[in-house]
Amino acid sequence: MTTASFATSFPAVTELSWQEGFAKLGPAFYTLLKPQPLPDPYWVGRNEAVARDLGLDADWLASHEALQGLTGNTVLQGSEPLASVYSGHQFGQWAGQLGDGRAILLGEISTPSGPQEIQLKGAGRTPYSRMGDGRAVLRSSIREYLCSEAMHGLGIPTTRALCVIGSDAPVRREEVETAAVVTRTAPSFIRFGHFEHFSYSGQPGQLKALADFVIQRHYPECLEADQPYAAFLQAVSERTAHMVAAWQAVGFCHGVMNTDNMSILGLTIDYGPFQFLDAFVPDHICNHSDTEGRYAYNRQPNIAYWNLFCLGQALLPLMDSQDQAIAALESFKTVFPEALQARMRAKLGLPDVQADDLGLIDSTFRLLASNKVDYTIFWRRLNGFTPQSGHEPVRDLFFDRESFNAWALLYSERLASVDAGQRADLMQRSNPKFVLRNHLGEEAIRAAKLKDFSGVHSLLTLLQSPFDEHPGYESHAGFPPDWAASIEISCSS
Ligand code: AMP
Ligand code: MG
């Protein structure tokens, strides 16, 4: 059923209909607590598309009650806020207990599209804050708000953001910035790290309760399997494979693929130093703090597998043998390349599979890399490539014209057996005109710091339908300015 048909059958509500969800796992999993107030909150952005999907009334979302409740200054009626405990591997090392250090789960609501959790990010200290202040700054909150919607617009599984609220309360990072709270939504915010926590702290009963909870609610098909926990691990591996294939195809670098930042539902989660590639540089590192390049663009698939291996290890107490876990992870190795190839074929406009497609895809990646071509612009311009014409707009992106010509010949030959209309349709849906490049976010953030939120609003609209033309916004689809290369995004947020 589409969102539009939900909207007609489900009236928008002004009150959130809370129901028991994560909280029923019991106190070993969380601490009940209240968010910490922020002075004089103001709206930075409200995402009416998310409100609609949640079945929420847009007027309610704009109300004083929502402003205070979603800042954490009041507790919305029926909500029982909590912070959950998890652990994780960070940059390849076991980091021990982490947990929601600045995220507070308001609870779960029933919506037209099923249960959704509502979480405030940046709403104050929790027992899991360690040395942190429990806050998020305006800059990173805007980035998360915009990027999660960009990913959704691109058809990539992700958490979403209902709104961003700012406050002039100072927050100390490399310099003093101001606070903000993002209201995030997802069917569940459970991470690989939740499983690692209960496994490595010697709580097998809780580990089983957690797995049963997630399987029952999100992977019910696994209950039918002979080995439900192995089937669950396999299903998580496959969802993760699809998610990372989608990242690679669109040129998205997550930046901090620690196991505590991996969603058990295969959603893109915890937007920090992420980046959409400008030039196609396969070993690009977007996180300024990632000195070793562990989370470079081209390492993301291997890291996803490494993280799944950690999840498999954490689930061992629920399985008959280690071999069972290893076997459950195997399908990543076929699902990931198949998913990536399917996405790349769509970007090339190839509706069917032919034996030498893999060679064409590989040579495309190699050509883009050796010419450091702008990734998004190349694919969008390729929509207009025709075998008969000179295809100047695409060729102009390459300094090595000879290699381009050789590739264009290969591609033209492949297109000979493709229906032009079908190809155009496929490419139009696969090659976005707009992605959240760092400099676009940066411009919106600079204005927002001066209380001009128009850039945040217009970017949100563009990114919600990134395949559309949006006349008048050509500059948002252009090459990055020179200063974009000097933007440094670290873990500091
Ligand atoms: P991240 O790198 O943002 O995924 O965060 C890793 C861990 O640090 C998580 O447990 C976060 O909740 C916690 N954390 C990050 N920033 C803060 C902060 N400002 N205050 C408290 N906890 C934080
Ligand atoms: Mg995190």
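Side notes on the structure shown:
- Across the chain: Cys residues that no other cysteine approaches within a C-beta distance under 4.7 Å: C147, C163, C222, C310, C491
- Convex hull of the stretch 3-192 built on C-alpha atoms - directionally averaged projected area, nm²: 11.1 nm²
- Under 25 Å from the Cα of K449 - lysines, other chains or at least 8 residues apart: K121
- Divide the volume of the convex hull around the Cα atoms of the stretch 241-324 by the residue count and you get 103 Å³ per residue.
- For K347, the lysines whose Cα falls under 27 Å of its own Cα, not counting residues fewer than eight places away in the same chain, are K333, K372, K433.
- Quotient of Cα Rg and 2.2 N^0.38 Å for the stretch 339-430, N being how many residues it contains: 0.98
- Scaled against 2.2 N^0.38 Å for its residue count N, the alpha carbon radius of gyration of the stretch 162-287 is 1.30.
- Summarising the amide proton neighbourhood of G96: residues at separation of 5 or more, or on other chains, whose placed amide H is nearer than 5 Å comprise G88.
- Among the helices of the chain, those built from whole DSSP H runs whose Cα atoms reach 24 Å or more along their own axis and whose mean Kyte-Doolittle hydropathy is at least 0.0 are 228-250.
- Between the amide H of I269 and those of S263, distances stay under 5 Å, these residues lying 5 or more places away or on another chain, with hydrogens modeled in the peptide plane.
- Largest to smallest principal axis extent of the C-alpha atoms in the stretch 102-165, angstrom: 36, 27, 19
- Given 16 as the ceiling on other Cβ atoms within 10 Å, longest exposed-site-free region of the chain for GluC sites (Glu not before Pro) in DSSP loops: 293-468
- Whole-percent carbon and sulfur share, accessible surface of the stretch 350-428, 1.4 Å: 55 percent
- The stretch 51-157: radius of gyration and largest Cα-Cα distance (Dmax), Å: 15.5, 46
- FRET efficiency, T461 to I487 (Cβ-Cβ, R0 22 Å, nearest 0.05): 0.45
- 20 Å-binned pair-distance histogram of the chain (Cα, whole percent): 23, 56, 21, 0
- Cβ-based charge dipole, the stretch 307-414, positive-most Cα from P317, S363, L329: S363
- Relative frequency of Cα-Cα separations exceeding 16 Å in the stretch 413-493, percent: 63 percent
- Taken per residue, the accessible surface of the chain reaches 40 Å², heavy atoms only and a 1.4 Å probe.
- Scaled to the globular estimate 2.2 N^0.38 Å, the Cα spread of the stretch 197-256, given as radius of gyration, is 1.39.
- Cα point-scatterer Debye curve for the stretch 351-493, base-10 log of I(q)/I(0) at q = 0.16, 0.22 Å⁻¹: -0.97, -1.44
- In the chain, the calculated helix contribution to ellipticity at 222 nm averages -13000 deg cm²/dmol per residue, counting -39,500 (n - 2.57) for every DSSP H run with n ≥ 4.
- The stretch 150-205 - Kirkwood radius from inverse mean 1/r over Cα pairs (Å): 14.7 Å
- Residues W43, W483, W247 ordered from highest to lowest accessible area at a 1.4 Å probe: W483, W43, W247.
The values are calculated or read from the model by the stated rules, or taken from the named source; none is laboratory data. Predicted model only: the values in this text are computed from it and were never measured. Every residue, glycine among them, receives a Cβ derived from its backbone with ideal geometry; neighbour counts consider all protein chains shown. When the accessible area is computed, the model is the full protein with side chains, heavy atoms only, and any ligands, DNA or RNA have been set aside. Shrake-Rupley method; radii C 1.70, N 1.55, O 1.52, S 1.80 Å.
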